[in-house]
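Reviewing the structure listed below.
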Amino acid sequence: MATSPYVVALTGGIGSGKSTIAIEFAAHGIECIDADEIARRQSAKGGAALPGLIAAFGSGILDASGGLDRAAMRKLAFADDAARRRLEAVLHPLIGIETEAAIARARSPYVLWVVPLLFEARSGGKPRYDRALVVDCDEETQIARVMKRSALSRDEVLAIMAHQVTRKERLALADEVIVNDGDLEALKAAVTRLHEKFIALAIDKSNERL
Ligand code: ATP
């Protein structure tokens, strides 16, 4: 009988380093499931969430490609709590189903589920996980990294951060913390240490089932 794999949920604020860390875990042969990528696919043209999104918001939320106009939707969801809840009510259950399926298909010793909003309000359908891995870094570093990577202003980055749980709240909910204040070599070393730990934990869990 197939057993569900050991799941590490990787979360952290905008620009904290989640994608960079996921690449390092992938280099160790770990399958990474990206919640944002699933959401993007589901809200693109032909995506499973599109009919529900059109029913909830009208076809005015589509862009020229026929998929969700993500920038316009983000703006609306930020400005209007009820709209954000409607969006989540459509997207989250579908994301949950696809994530569960991807986890069940995974063949690596454990799975890394990259999920920016793990601790923020959810409208159900969230897959279970074994360990929450939080990326932590100084907020000024976070802001600088996002501004360097995108066209967002400091105020726009701060507005996004204000919609995420605080650094303190996130740390309080963490099982493991990876501090990403240093250089990439330090980050790689931290990932290698954690990878070894997660392998051991996954083996322990599968032994408990025997
Ligand atoms: P988002 O929440 O926006 O998806 P993220 O948490 O996935 O962001 P990354 O995209 O991994 O964050 O990192 C943000 C930026 O900071 C990227 O340009 C990345 O290359 C850079 N970065 C991440 N960690 C480091 C580091 N230790 N040293 C230097 N640059 C870094």
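The values are calculated or read from the model by the stated rules, or taken from the named source; none is laboratory data. Note that the coordinates shown come from a computational prediction; the quantities given were computed from them, not determined experimentally. Because the Cβ atoms are built from the backbone with ideal geometry, glycine has one as well, and the counts that use them run over all protein chains shown.
Restricting the stretch 1-15 to residues that are assigned to a loop (DSSP other than H, G, I, E, B) and of a type in the set (Val, Ile, Thr) leaves a set whose member that is farthest from SER150 (Cα to Cα) is THR3.
Of the residues making up the stretch 47-75, those that are of a type in the set (A, V, I, L, M) and closer than 19 Å to LEU94 by Cβ are ALA48, ALA49, LEU50, LEU53, ILE54, ALA55, ALA56, ILE61, LEU62, LEU68, MET73.
Taken over the stretch 156-178, the residue count meeting the criterion of being assigned to a helix (DSSP H, G or I) and either within 15 Å of the ligand (Cβ to nearest atom) or on the phi > 0 side of the Ramachandran plot (or both) is 9.
Does ALA186 count as surrounded by fewer than 16 Cβ atoms within 10 Å (Cβ to Cβ) and within 14 Å of the ligand (Cβ to nearest atom)? Considered against the rule, which asks whether it is surrounded by fewer than 16 Cβ atoms within 10 Å (Cβ to Cβ) and within 14 Å of the ligand (Cβ to nearest atom), ALA186 comes out as yes.
Which ones in the stretch 61-115 are closer than 29 Å to VAL191 by Cα and in a strand (DSSP E or B)? Matches in the stretch 61-115: TYR110, VAL111, LEU112, TRP113, VAL114.
Scanning the stretch 16-39 for residues that are more than 12 Å from the chain's Cα centre (by Cα), assigned to a helix (DSSP H, G or I) and away from the ligand (no atom under 11 Å from the Cβ) turns up PHE25, ALA26, ALA27.
This table checks each residue for (1) surrounded by fewer than 19 Cβ atoms within 10 Å (Cβ to Cβ); (2) farther than 17 Å from PRO116 by Cα; (3) modelled with pLDDT under 95.
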| site | (1), (2), (3) |
| --- | --- |
| VAL7 | no, no, no |
| GLY12 | no, no, no |
| HIS28 | yes, yes, no |
| SER59 | yes, yes, yes |
| SER65 | yes, yes, yes |
| ARG70 | yes, no, yes |
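Applying the set (1) more than 24 Å from SER150 (Cβ to Cβ); (2) out of contact with any strand residue (DSSP E or B) (no Cβ under 7 Å at 6 or more places or on another chain) to ALA106 leaves exactly one unmet item: (2).
If you go through the stretch 116-155 and keep only what is within 20 Å of LEU187 (Cβ to Cβ), among the acidic types (Asp, Glu) and either away from the ligand (no atom under 16 Å from the Cβ) or assigned to a strand (DSSP E or B) (or both), you end up with just ASP136.
Looking across the stretch 170-210 at every residue that is charged (D, E, K, R) and in contact with a helix residue (DSSP H, G or I) (Cβ under 7 Å, 6 or more places away or on another chain), the one that is nearest to VAL7 (Cα to Cα) is identified as GLU176. Residues that are of a type outside the set (Val, Ile, Thr), more than 15 Å from LEU117 (Cβ to Cβ) and buried (at least 18 other Cβ atoms within 10 Å of the Cβ) within the stretch 139-166 comprise GLN142, ARG145, listed in sequence order.
Looking across the stretch 76-131, the residues that are of a type in the set (Gly, Ala, Ser) and in contact (Cβ under 8 Å) with a residue 12 or more places away in the chain come down to ALA83, ALA89, GLY96, ALA102, ALA104, ALA106, SER108, ALA121, SER123, GLY124, GLY125.
Condition first: within 22 Å of GLU120 (Cα to Cα), modelled with pLDDT of 95 or more and part of a loop (DSSP other than H, G, I, E, B). Can you find one or more residues in the stretch 179-199 that meet it? Yes: one or more hits. Within the stretch 177-194, residues that are small (Gly, Ala, Ser) reach partners that are surrounded by 12 or more Cβ atoms within 10 Å (Cβ to Cβ) and part of a helix (DSSP H, G or I) with beta carbons closer than 9 Å, at six or more positions or on different chains, in the pairs GLY182/ALA190; ALA190/ILE21; ALA190/GLU24.
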